[in-house]
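Bear in mind these aren't lab numbers, they're just calculated from the coordinates by the rules spelled out. Since the structure is predicted, the reported quantities are computational estimates derived from the model, not experimental observations. Here the Cβ positions follow ideal geometry from the backbone for every residue, glycine too, while neighbour counts run over all protein chains shown.
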Amino acid sequence: MAVERTFSMIKPDATRRNLTGAITKMFEDAGFSVIASKRVWMSRREAEGFYAVHKERPFFGELVESMCSGPTIVQVLQGENAIARNREIMGATNPSDAAEGTIRKAFALSIGENSVHGSDAPETASQEIAYWFSETEIVG
Ligand code: RTP
Ligand code: MG
């Protein structure tokens with residue numbers, strides 16, 4: 001298995017409830033290293049650009065609104081098989097479908113306010129990392 005990098009966000013619904021440390025601990029306990037991290041308050045333009053792939057979806061407006069409603073922690077996680085494993089640790093998009101022990105089962109409020117984001121494939125991981133970080137901000 002290869003060491004991979006994935007892009008992760010702790011969304012505003014979670015930072016607002018002071019869950020930054022608890023969620024980061026779940027990533028670290030799973031064996032990931034946080035090799036880049038910063039706190040951002042997204043502009044509408046940044047949120048729309050980041051989620052451009054969803055722009056035709058009915059929930060797009062609500063998603064952008066929620067991502068602009070408070071601070072987000074953007075992170076790069078590094079570890080064995082990080083992309084798929086991060087999605088396992090996050091759990092299903094809808095918290096009512098999320099397995100016990102996952103971040104979304106523990107913390108998500110709804111399908112929209114589901115506390116975390118994680119890249120879904122190597123290509124999106126590279127694109128999403130580059131969207132938020134320059135090379136010098138990533139310290140592996
Ligand atoms: P993510 O991209 O955030 O890691 O989550 P995902 O792959 O599990 O979900 P995706 O289908 O990519 O949707 C991106 C985010 O949009 C919000 N969403 N709201 N109201 C709704 O029906 C709905 N569906 C999706 C969620 O915040 C989801 O994480
Ligand atoms: Mg997704």
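When Asn86, Asn81 are checked against the criterion of being touching a Gly at 6+ places or on another chain (Cβ under 7 Å) and within 15 Å of Glu4 (Cα to Cα), Asn86 stands alone in meeting it. Residues in the range 9-39 that are within 16 Å of ligand 1 (Cβ to nearest atom) and exposed (fewer than 14 other Cβ atoms within 10 Å of the Cβ): Arg16, Arg17. When each of Gly112, Gly79 is tested for being in contact with a Phe, Trp or Tyr (Cβ under 7 Å, 6 or more places away or on another chain) and within 9 Å of ligand 1 (Cβ to nearest atom), the lone residue that passes is Gly112. Taken over the range 90-125, the criterion of being outside any loop (DSSP other than H, G, I, E, B), out of contact with any Asp or Glu (no Cβ under 8 Å at 6 or more places or on another chain), of a type outside the set (Gly, Ala, Ser) and farther than 19 Å from Phe59 by Cα is satisfied by Met90, Ile103, Lys105, Phe107, Glu123, Thr124. Take the conditions (1) among the hydrophobic types (A, V, I, L, M, F, W, C); (2) surrounded by 15 or more Cβ atoms within 10 Å (Cβ to Cβ); (3) away from ligand 2 (no atom under 13 Å from the Cβ); Ala130 misses just one of them, which is (2).
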